[in-house]
Amino acid sequence: MRLKISCNLKFEISTPTPFILMLRPRSGSQQWVEHQEYEIKPGTPVFEFTDHYGNLCQRLIAQCGLFAISTSSVVVTSDYSDEAYGAEFVEIQNLPDSVLSYLLPSRYCESDCFNELAVHITQDQLLGYNQVAAITNWLRSTISYIPGSNNEPLSAIQVNNNGYGVCRDLAHLGIALCRSLSIPARIVVGYLHNLQPMDMHAWFEAYIGNRWYTFDATQLGSPGGYVILGLGKDAADVAVFNQFGPSVFPIEQQVRVEQI
């Protein structure tokens, strides 16, 4: 699937404000970036770095007045998400070093609090992929996906207590349940073709059978058209923009995904 993705953000800046952005996808095993455009108005010095998760990040200082960011990319990605029922649980001693951090509790994924629930959800399931599929089905049937229901990230405990949330919230609870079973799991943020309503999207991946698989409790079946911007332990690692100083919120935000 060949997709054109774009994101336009506008801010009204009252005092010079440092930003860290995560708005540029990179090529990898799951996607190939054919073309990119990235425009900032007014012209501002930008410095790019790669964080320790491998995400491309841009840092700058926005000056007072109207500040606009416009990005677009053409990306080739899969038409569907791989499924692998029966893929085996990977024992801790056999996990790659780079995966171990995704076993641990984190700010929004308190996996040390969910073992009893996770065991209940996955009883009688084969260890590995089938457990994560059962968790995803449980999320889909138990936690209501309500776009726009909150603006701030919620922890897995809060989401479980509320019984509803946005895509990011369902991902947090799924990650916490997986990690409580010693299955590495991480959050992913980016774009999804045909997402309704269209916006940035979040889902999670779990490490089973010696590779990462995509799971998304907000979507039925195994849709394709995912484009990754960033990944990490939870939402604290994958914000598409962080600003420092007085709070600044977009006065305009437009996200588009079209197949070409």
How would Val238, Val189 line up from fewest to most surrounding beta-carbon atoms within 10 angstrom? Val189, Val238
If you filter the stretch 29-91 for chymotrypsin sites (Phe, Trp or Tyr not before Pro), then keep DSSP loop positions with at most 10 other Cβ within 10 Å, what is left? Tyr85
First select every other residue whose beta carbon is under 11 angstrom from the beta carbon of Val74; then total the charges, Lys and Arg +1, Asp and Glu -1. -1
Answer check: the stretch 1-133, Cα atoms, Kirkwood Rh, Rg/Rh ratio of 1.09
Which cross-chain or sequence-distant (5 or more) residues have an amide H under 5 Å from the amide H of Asp82, H modelled 1.01 Å from N in plane? Thr214
Likely footprinting exposure, Phe249, Phe11, Phe204, fewest C-beta neighbours within 10 Å first: Phe249, Phe11, Phe204
The stretch 63-134: GluC sites (Glu not before Pro) in DSSP loop, at most 16 other beta carbons within 10 Å: Glu83, Glu91
222 nm [θ] for the chain, helices only, -39500 (n - 2.57) per DSSP H run of 4+, per residue, to 500? -5000 deg cm²/dmol
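Only the coordinates and a few stated rules stand behind these numbers; no lab work does. In this text, all values refer to a predicted model and were calculated from it rather than measured experimentally. Cβ: placed from backbone, ideal geometry, glycine included. Neighbour counts: every protein chain shown.
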